[in-house]
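The values are calculated or read from the model by the stated rules, or taken from the named source; none is laboratory data. Note that the structure is predicted; figures quoted are calculated from it, not measured. Please note: Cβ atoms are built from the backbone with ideal geometry, for glycine as well, and neighbour counts cover all protein chains shown.
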Amino acid sequence: MRLLFKQRLFSWFDSYDIYDENGETYFTVKGRLSWGHRLEIYDKYDRHIGTVQEKVLSFLPRFDLYIGDRLIGQLTKEFTLFRPSFSLDCNGWQVEGDWFEWDYQVLTTDGGLVMQAQKQLFNWTDTYTMDITYEEDSLLCLMIVLAIDAVKCSNN
């Protein structure tokens, strides 16, 4: 399954539209006023289904991932000198990124591909293409990309 992740150009808080392969809205993400990033995810019927919440009192950026109100995992930026690195405490998955912080893969513990995300260059706003192996993983994959993008926005 392929999703296109596109940040809205004019909004007070981070907000994104996520489209499926047919150009239909698959998810909507609305940034909320909060201490740190708080991104709420809605399905195509405008039902709240997930949240990405930054933990602000931590040495390195850390994000809690919620499906509904249930905490399902956490993504943390690791301290590295050159290549960005993230630890993911969820489903036994791991995140690998490239040196430029444009492309990411999410892998299972045995090396199976869960998702590949590529940042699209030369756009007015942050835009990613997400290739997800199984549709049922699309919400969690979106939360991972949102958290990584929020870390990059905070660093800039």
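Points worth noting:
- So ARG47, is it surrounded by fewer than 16 Cβ atoms within 10 Å (Cβ to Cβ), farther than 15 Å from LEU142 by Cα and at pLDDT below 85: no
- Note on segment 114-134: residues that are at pLDDT 90 or above and exposed (fewer than 12 other Cβ atoms within 10 Å of the Cβ) total 1.
- When PHE63 is tested against (1) of a type in the set (Phe, Trp, Tyr); (2) surrounded by 19 or more Cβ atoms within 10 Å (Cβ to Cβ); (3) within 15 Å of SER138 (Cα to Cα), only condition (3) is not met.
- Within segment 44-76, the residues that satisfy the criterion of being without any contact (Cβ under 8 Å) to a residue 24 or more places away in the chain and either assigned to a strand (DSSP E or B) or in contact with a Cys (Cβ under 9 Å, 6 or more places away or on another chain) (or both) are HIS48, THR51, GLN53, LYS55, ARG62, ASP64, TYR66, ARG70, LEU71, GLN74, THR76.
- Filtered residues of segment 9-43 (kept if among the charged types (D, E, K, R), part of a loop (DSSP other than H, G, I, E, B) and under 18 Å from ALA147 (Cβ atoms)): ASP14, ARG32
- Complete set of residues in segment 50-62 that are of a type outside the set (S, T, N, Q) and at pLDDT 95 or above: GLY50, VAL52
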